[in-house]
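Enquirer: Mind having a look at this structure? Questions to follow.
The values are calculated or read from the model by the stated rules, or taken from the named source; none is laboratory data. Keep in mind it's a predicted model, so treat the numbers as computed, not measured. Here the Cβ positions follow ideal geometry from the backbone for every residue, glycine too, while neighbour counts run over all protein chains shown. Remember, those area values only see protein heavy atoms, side chains included, never the ligands or the DNA or RNA. Shrake-Rupley method; radii C 1.70, N 1.55, O 1.52, S 1.80 Å.
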Amino acid sequence: MELTLKRVLFSDDGTAGVLISGNRPLCITLEEDWRDNAKGLSCIPEGSYLCMRFDAPTHGTTYEVVKVPGRTAVLFHSGNTEADTEGCILLGKEFGSLRAKDDQSGLMEIQLAALRSKEAFESFMKHMQGAATFVLHIKNC
């Protein structure tokens, strides 16, 4: 199985995208903004990656994007704002705004958010049908 993550918006609130299977959108995505692939602070570089089913202590069964240069534990999981990502890929059903703590200033502010995230994550896992692996193609638009 192959999925494509098309990144469509780059902002201080994060990197927004659409996760696509074949020609069908599965869900929206929210990642950290680009910070030179810094661990826990940046989205990962464009490219193709193997993703493996993984049992994460904090997120349960999910998928890990493996062999990201200089990075480990890049996971797909639920969450709402950039503060929830820690370098991972958040899934949602729609974009919106939520009040959250800014990573840089520590102040509360209105930020871009992935809404209905738990619902999107459950749909994503159901779509994967327990596959052990898949290939993820990440493209910046």
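Enquirer: Specify which of the listed residues (Ala83, Ala100, Ala114) is farther than 22 Å from Ser48 by Cβ and either among the charged types (D, E, K, R) or under 11 Å from the mean Cα position of the chain (by Cα) (or both).
Expert: After applying the criteria, what remains is Ala114.
Enquirer: Hey, any hits in the range 72-87 for a residue that's farther than 14 Å from Thr29 by Cβ, touching a residue at least 12 places away in the same chain (Cβ under 8 Å), in a strand (DSSP E or B) and open to solvent by less than 70 Å² (accessible area, probe 1.4 Å)?
Expert: Within the range 72-87 (the criterion being farther than 14 Å from Thr29 by Cβ, touching a residue at least 12 places away in the same chain (Cβ under 8 Å), in a strand (DSSP E or B) and open to solvent by less than 70 Å² (accessible area, probe 1.4 Å)), the answer is no, since none of the residues qualifies.
Enquirer: Can you name every residue in the range 17-63 that is open to solvent by 30 Å² or more (accessible area, probe 1.4 Å), of a type in the set (Asp, Glu) and on the phi < 0 side of the Ramachandran plot?
Expert: Within the range 17-63, Glu46, Asp55 meet the criteria.
Enquirer: I would also like to ask the following. Can you tell me how many residues in the range 15-49 are over 20 Å from Val135 (Cβ atoms), in contact with a strand residue (DSSP E or B) (Cβ under 7 Å, 6 or more places away or on another chain) and not in a strand (DSSP E or B)?
Expert: Qualifying residue count, the range 15-49: 3.
Per-residue answers, yes or no, for (1) under 21 Å from Leu3 (Cα atoms); (2) touching a Ser or Thr at 6+ places or on another chain (Cβ under 7 Å); (3) in a loop (DSSP other than H, G, I, E, B); (4) open to solvent by less than 70 Å² (accessible area, probe 1.4 Å):
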residue	(1), (2), (3), (4)
Pro69	yes, no, yes, no
Leu90	yes, yes, no, yes
Arg99	no, no, no, no
Leu112	no, yes, no, yes
Ser123	yes, no, no, yes
Gly130	yes, no, yes, yes
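Enquirer: Only residues in the range 28-56 that are modelled with pLDDT under 95 count as the first member; pair them with residues that are outside any loop (DSSP other than H, G, I, E, B) and of a type in the set (A, V, I, L, M), Cβ under 8 angstrom, at least 6 apart or cross-chain, and list the lot.
Expert: These pairs meet every condition: Phe54/Leu75; Ala56/Leu75.
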